[in-house]
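Below is one structure, written out as C-alpha cells; the observations come after it.
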Protein chains: 2
Amino acid sequence: MALVLTFLGKGGVGRTTVAIAAAKKLAQAGQRVLVLGQDPSLAWQWGATLSETAQGVEANIDGLLLSSTHLLERGWEKLKEVEAQYLRSPALKNIYGEELGVLPGMDEVLVLNALREYELSGRYDVLIYDGPGNLSTLRMLGIPEIASWYWRRFQKVLADSEVVQTLSPFVQPVASAVLSVNWSPDQMLNHPDGPQNLLQQGKTAIADPSRFAAYLVTSTDTLAQKTAQSYWGGAQQVGITVKGVIQTPLGNGSVDASLFNPLTVAALPTYSQGNWQPLMDALPNPQAMGSAPRPLEIDVNARQVKIFLPGFDKRQVKLTQSGPELTIEAGDQRRNIDLPGNLRGKAVAGAKFQGGYLIVSF
Amino acid sequence: MALVLTFLGKGGVGRTTVAIAAAKKLAQAGQRVLVLGQDPSLAWQWGATLSETAQGVEANIDGLLLSSTHLLERGWEKLKEVEAQYLRSPALKNIYGEELGVLPGMDEVLVLNALREYELSGRYDVLIYDGPGNLSTLRMLGIPEIASWYWRRFQKVLADSEVVQTLSPFVQPVASAVLSVNWSPDQMLNHPDGPQNLLQQGKTAIADPSRFAAYLVTSTDTLAQKTAQSYWGGAQQVGITVKGVIQTPLGNGSVDASLFNPLTVAALPTYSQGNWQPLMDALPNPQAMGSAPRPLEIDVNARQVKIFLPGFDKRQVKLTQSGPELTIEAGDQRRNIDLPGNLRGKAVAGAKFQGGYLIVSF
C-alpha cells in the first residue's frame, strides 16, 4: 500500500515547492515516489518535462501531469466496452472519447480514480498529489463518503417510489429482451468493481492516516494562516488526518503555533535555486504517524460522537438529525455520519465544543 | 444587464485585492456593484463581515459570501416543489436539503446559477466574482457550452438507442398513470425555464464582452506570468473575452508585455493599508470595451474558422472532426464548435497558427 500525501494552503504560499522537497526527501530515504498534479506550473517549478504518462525525473522519483481530457477519453472507452458486453446494439459507440468536453466535477472524479490506480499499481511507496490544495481538493477527497451517502439515501427513496414500483414489472422483462445477457441492476451495482465497493474502498483509504495524509502549508502572512486553519477544519469534515504544519519563508516573523495546536510547525529555510537539501532536512518525515488527532471517534458506551473540528466555534456549526444519520455542517461542507447500532434513532441530547472537538451526546 | 467581471491568475498574486479595488473604482463612478466569492479570505482581506445574503459594505457596493451548502438546500426545495407538481406521491419529500453534502462540480453549477440570478435581479450594474481564478473557474464558465454539447449529442444517441426505443411504448403510458398531470419529457425539457433554454442564455451571456469579461492578474514572477498566459488561452476555449492584464507589485521588474500582446498591461502601485485610491486610479475601466481579440470568428465565405488561442503552438493543439462538429483540444480543455450551414460535413483542409489565431480551413 502506498501513502498518498497532499498539501493544503492558500495559493502562492509555496505548496508546490514543498511537494517537490518532500518527494526528494522521501526518495533520498529510498522510497519510490510519484509526484502528480494537474497544473502545468508543477513542471515549470520542478524544471522537469512532464507528460500524462509517469516517467522518471530523478532517482526514485517519477512525475506526471494529469490530463482530464485524456483520463476522460480512457474512461469513456472502458464504458463503451462494458456497454458492448451488455447491449446487443450499443448506443454509445458513435460517441468518441476525443469529443468529450470536461464539465466541473469531472476533474476531481478522474484525478481521485487516477490516484487509486497508481496506489494499487504497487510501483510506488508514496504518491505526492500537488493539487489545488483548497476547498476543491477537499471536495475531491469527500467524494467516497458523500457519494456513498447519496447512494444509500436515494436507493431507498427510489425503491419506495411509486414511479419505480409501477414501472419495474415492465422495465425488467423488456430490458432483458434487448440486453444480450441475463442481467439485473443489482448484479452490476454489487459487482466487486461496481460503484458501491469502490466508494467503500475509497472511504477506508482516505480515513486511514497510514494511507492518506495532508500537511498544511502557510507563510507567516495572517490571511495565509487563517486559510490554512480553515482547511484544517475542512480536512476533518472529509476524514483526512492532517499530520503537521509547514511554514514557508515568505514574510517576516513566524506562524502563530497556537492556531494549530497540537500540530507541530516545521519552519523551512529560504529556497535558493537548486539547493534543496536544507528544505529536505527541515521537513518532517511524512511516513511518521505523529500525534495528530483523529477526525472522528464514536464512543458507543459513553453515547458520544467526538468530531475534531479545529478553528470552528459552536455558532459556525450546525447539526441536523434524520433517522439514523447525523449531519454536521461547518465551513460550507457537510458530513453525514451513519450512527452505529445503539445510537441509531436516538435523539441528540446535547453538543459542546471542548479542545477543538465537537462532542455530541445521545 | 449587468457586466460580470472576474480575475484569472496564479494563487497569491493578489487577485482579491484587485477585485476589491475594481469594485471601489466602479462604485466611485456611480455604478452599483456586487462583490461575491466563496472563499472566506474575501471577507478577511476586505475587512468586512459577509454572509450568504447580499448586504451593503460601502457606498454603492454590496458583498456576499456564496455558500454551496445553502444554495444546494434552496435548489433542492425548488426541485421538490416541481416534483410535487408532477407526481401524485412525491418520492423526494423525505430527503431534506439540510442533509445534502456537496460533491465536486456542484459548487460551479450553484455559483454560476447564483451569478445568473444576481445578474437578472437588475439591482447591480457590475458583479465582481472573486473566484478561484484558475482552471476551476474556466470549467465553471464552460458549463453552458459543454453541457449543451452533451445534451445535443446524447439526446440523439439515446433516441436512436434500441433500449429506449423498446422501452418507450411501455414507459410513457405507465408513467402517465402515476403522474398527476399530462406530461411529456419534451414539454419539460423545452420549457422556457428548462435546461436547454438556460444553457443557451448562458452561452450568449458568456460570449458577450459587454456582459462577461475577465482580466489576467500577474506579479512579475515568471511562473505567475506563464500561468496567466495559459489562463488567457484557456479563457478563449470557453469563449470569455479577456480585456487586459493587471500587474501587481510583488517582486521586481515588470511583466513581459510580449507574452500578452495585444493586451494592455496596467501596473498597480503597492497597496498600503487603507489607501485604495492609487490602485483604483491605476486600474483600467472594466466597462470600456478595449481592443481585445474575440475568441471565435467564423468566416463562412472564406470557409475559415479562426480561434484565438494565445500561448499555444501547433503541437499543443489537437483537432477532431465528427459529423457537423469540430473539436479543439488545447491545455486540458476541449471545445466543440457546431459548424454553420455550408461548413457542416466538410472535411478540414488545413490548419495553421498565425498571430495567436488557429485558422482552420475547409
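We did not get these values from a lab; they are worked out from the coordinates using the rules stated. The structure presented is a predicted model; accordingly, all values stated were derived computationally and were not measured. Backbone-built Cβ (ideal geometry, glycine too); neighbour counts: all protein chains shown.
Laid out as a table, the results:
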| read-out | value |
| --- | --- |
| Dipole magnitude of the protein assembly as shown about its Cα centre (Cβ charges: Lys, Arg +1; Asp, Glu -1), debye to nearest 20 | 140 debye |
| Greater than 23 Å apart at Cα, pairs in B:Lys10/B:Lys243; A:Lys10/B:Lys78; A:Lys203/A:Lys243; A:Lys156/A:Lys203 | A:Lys10/B:Lys78 |
| Kirkwood Rh in Å, taken over chain B so that all alpha-carbon pairs contribute | 22.6 Å |
| Among B:Gly142, B:Gly37, B:Gly323: highest mean-square fluctuation, GNM of chain B, C-alpha pairs under 10 Å | B:Gly323 |
| Label-point separation, A:Ala347 to A:Asn252 (7 Å along Cα→Cβ), nm | 5.8 nm |
| For the range B:246-362, diffusion coefficient by Stokes-Einstein and Kirkwood Rh (Cα), 20 °C, 1.002 mPa s, µm²/s | 125 µm²/s |
| Integer Hz, Karplus 6.51/-1.76/1.60 couplings in order for the range B:30-43, x for Gly and Pro | x, 7, 8, 10, 10, 9, 9, x, 10, 8, x, 5, 4, 5 |
| Ratio Rg/Rh [Cα only; Rh per Kirkwood] for the range B:191-274 | 1.13 |
| Max mean-square fluctuation residue, GNM over chain B, Cα-Cα springs under 10 Å, options B:Ile95, B:Ile337, B:Ile20 | B:Ile95 |
| Zone residues, the range A:75-106, relative to A:Leu120, backbone N less than 18 Å from point 7 Å out along Cα-to-Cβ | A:75-83 |
| Candidates B:Lys24, B:Lys93, B:Lys156, ranked by Gaussian network fluctuation over chain B, Cα under 10 Å, top entry | B:Lys156 |
| Whole-Hz couplings from phi, Karplus 6.51/-1.76/1.60, listed for the range B:153-159; x for Gly and Pro | 6, 7, 4, 5, 5, 5, 4 |
| Label geometry 7 Å along the beta-carbon vector: A:Lys314 inter-copy distances in nm | 6.9 |
| Shielding of A:37-50 by partner chains, average beta-carbon count, 10 Å | 2 |
| Convex hull of Cα atoms in the range A:75-123, direction-averaged projection (nm²) | 4.5 nm² |
| Chain B: relative contact order as a whole-number percent, Cα under 8 Å and 6+ apart | 17 percent |
| Label point 7 Å beyond Cα along the C-beta direction, distances from B:Ser89 to other copies (nm, shortest first) | 3.7 |
| Placed amide H near A:Gly105: partners under 5 Å, 5+ positions off or other chain | B:Gly105 |
| Value of relative contact order over the range B:216-362, rounded to a whole percent, pairs C-alpha under 8 Å and six or more apart | 21 percent |
| Extent along principal axes [Cα atoms of the protein assembly as shown; Å; largest to smallest] | 78, 71, 57 |
| Average partner coverage of B:102-112, which counts Cβ from other chains inside 10 Å | 6 |
| For the protein assembly as shown, share of DSSP beta bridges that run antiparallel, in % to the nearest 5 | 55 percent |
| Proximal aspartates and glutamates relative to A:Lys314, as straight alpha-carbon distance under 16 Å, when same-chain residues fewer than 8 apart are discounted | A:Glu329, A:Asp332 |
| The range A:1-106, relative contact order [Cα under 8 Å, separation at least 6], % | 19 percent |
| Per-residue [θ]222 nm for the protein assembly as shown (sum of -39500 (n - 2.57) over DSSP H runs n ≥ 4, rounded to 500) | -12000 deg cm²/dmol |
| Percent antiparallel among DSSP beta bridges (both partners in the range B:1-105, rounded to 5) | 40 percent |
| Average other protein chain Cβ within 10 Å of Cβ, residues B:211-223 | 1 |
| Computed magnitude of the charge dipole of the range A:323-362 (debye, nearest 20; Cβ of K, R +1, Cβ of D, E -1) | 140 debye |
| Whole-Hz couplings from phi, Karplus 6.51/-1.76/1.60, listed for the range B:208-214; x for Gly and Pro | 9, x, 7, 10, 8, 8, 10 |
